[in-house]
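Working notes, beginning with the structure itself.
The values are calculated or read from the model by the stated rules, or taken from the named source; none is laboratory data. The structure displayed is predicted, hence computed values, not measured ones. Neighbour counts run over all protein chains shown; Cβ positions are idealised from the backbone, glycine included.
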Amino acid sequence: MRLLLLCLMTGLSAFGAENVEIVRDNFGTPHIFARTSDGAAYAAGYAQAEDRKDALLRNLRGAGTAQDVALSPRVNAIVEAFCAGINRYLSEASGSPESPVSPAMVVAFSRRAFASIHGSNDVLIGPARSTSGNVIAILDPLSGWNDDGRPYEMRWYASDEQIALSGVAPPGIPFPLVGHSAFLAVGWSGSTETAGPRMLDEAWTVITARSLAEVQASLGIGQILGSALVGTVQGEIFDTSGRMPEDGILLRQRIVPQSEAMTIQLLAAQNTWPFGRAVDVAFSTTLYKAETWQARLVKVAPELPFVQMLTGWSRRSDATSMEALAFYLFKMALGKPEASALEPPDSLSNNRIRAALRKAQDHVETELPYHADYGTMFRVARDGASRSTPAAGGMVPEAGMITPRAITFERRGAVMMGTGGQTATQIVELSKLPNAVSILVPGESDRSDSPHFDDQARDLFSKGIAKPTYFGDRKELEKHASSKKELTF
């Protein structure tokens, strides 16, 4: 069935030069249709250069060159084709040949590729805990939104080899590192250590494996230092670090020490999880331990309207929540060290709480616009954007505010501006034809004149929703295609 699907999706000649097609959806994500992995890598190089030329070249040229690295023939051919695709775009874009990139640059950069992942919030929900009986994977690498290594999203089909991949990698890597196939989903942690020179061999054999046994054999190459979570269409969930599932769930949380407990608390809310609710967990804006502050406020000043507003609050830091902003202002008014506490310390006096409530209420009534909400103060924008977007959720450690929707903020005047965090979230149900949604913050392109410069931050991320990936469904993709380009490899 998969072979037939891929052949129908590609519809290309099996003889002579290979025709490769790049179909971009309405968020600019390239869906690459080729006969071979070489052809798909060629188109991936072209697309990455088209969207992220400057970052791509800084990654590759800044990494130096790796000499005398004996990659497998299969991966070596992929790297060479990838470079050919990049160089073709560079030549077309400049009107004259530029200094070409080389396979040695790609190999050198690959050794530092995982350093672009600044942690991850990955979750695998096993068959016993999913409504459908399939593994559900939440793959959630964290990154800076202005970094050269910010993940690049791509779909990758090679029909002759029955390969279908969806996921992300930093610009300069020819195929997805974090993502899924028709057989499994893989989420890698980041690592500041340099990987081995044959990292690409290991990454390729893992992402194209068709069973857990093949993944485990691939890990024997021993080139990637970070750990991975792997879920399979057969219903297995596996942590390469040796951690065992707890109650049918594996997770890796690397924001703050409390983030794992926060996600466990959310997942304990119900016994089995449908796909849509798993998406809600990935983008949840529920504040961890906020209920403990509500309980304390009820004891201190239940008669105050300001307290009644806070204690009747849903504990979600949605962009439109006036209560979330009031809670932030109250916590900050407490001063150090109490402001950063997740739960009210026993040493915190009622008088201190009352004083902080008065200060926060005065701030709301006299210093902020009428009906100011969380998104008034907390915003999202990338460098070079013409405007910012209201944020929802995020990590504000100085106010003891932590949510699964990870955003790191920095103060810019009166505004807290998001600069990184959740960047390339993918939620995948590993059914016979995987069902998946994804988001890439701020957008696919680094070109400020592109409609895909920050469209996903504006149209998706601020609303806590993701886009369909159309994985394995070219007919549906065609309904949402924004452009098509054919290349001959």
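Side notes on the structure shown:
- Some residue of the stretch 421-432 being touching a residue at least 12 places away in the same chain (Cβ under 8 Å), surrounded by fewer than 19 Cβ atoms within 10 Å (Cβ to Cβ) and assigned by TED's automatic domain parsing to the domain that holds Ser159: yes
- Among the residues here, Ser450 does not qualify as over 30 Å from Leu229 (Cα atoms) and either within 18 Å of the chain's Cα centre (by Cα) or at pLDDT below 90 (or both).
- Among the residues of the stretch 411-427, those identified as under 30 Å from Pro176 (Cα atoms) and out of contact with any helix residue (DSSP H, G or I) (no Cβ under 6 Å at 6 or more places or on another chain) are Met417, Gly418, Thr419, Gly420, Gly421, Gln422, Thr423, Ala424, Gln426.
- Residue among Ala44, Ala104, Ala66, Ala70 that is in contact (Cβ under 8 Å) with a residue 40 or more places away in the chain, part of a helix (DSSP H, G or I) and in the same structural domain as Gly196 (by TED's automatic domain parsing): Ala44
- Residues that are farther than 26 Å from Tyr89 by Cα, surrounded by fewer than 19 Cβ atoms within 10 Å (Cβ to Cβ) and not acidic (Asp, Glu), drawn from the stretch 468-489: Pro468, Lys475, Lys479
- The stretch 242-267 residues that are in a helix (DSSP H, G or I), paired with ones that are modelled with pLDDT of 65 or more and of a type in the set (Val, Ile, Thr) (beta carbon under 7 Å, 6 or more apart): Ser259/Ile402; Met262/Ile402; Thr263/Val123; Leu266/Val281; Leu266/Thr286; Leu267/Ile249; Leu267/Val281
- Residue count for the stretch 383-417, restricted to those that are touching a strand residue (DSSP E or B) at 6+ places or on another chain (Cβ under 9 Å) and buried (at least 17 other Cβ atoms within 10 Å of the Cβ): 20
- Residue list for the stretch 218-241, filter: outside any loop (DSSP other than H, G, I, E, B) and farther than 19 Å from His180 by Cβ: Gly220, Ile221
- Among the residues of the stretch 353-382, just one is surrounded by fewer than 16 Cβ atoms within 10 Å (Cβ to Cβ) and of a type in the set (A, V, I, L, M), namely Ala355.
- Only one of Gly126, Gly133 that is in contact with a helix residue (DSSP H, G or I) (Cβ under 6 Å, 6 or more places away or on another chain), in contact (Cβ under 8 Å) with a residue 60 or more places away in the chain and small (Gly, Ala, Ser): Gly133
- Those strands (runs of 3 or more DSSP E) of the stretch 132-208 in which 3 or more residues are within 21 Å of the chain's Cα centre (by Cα), of a type outside the set (Gly, Ala, Ser) and buried (at least 24 other Cβ atoms within 10 Å of the Cβ) occupy 136-139, 152-158, 184-188.
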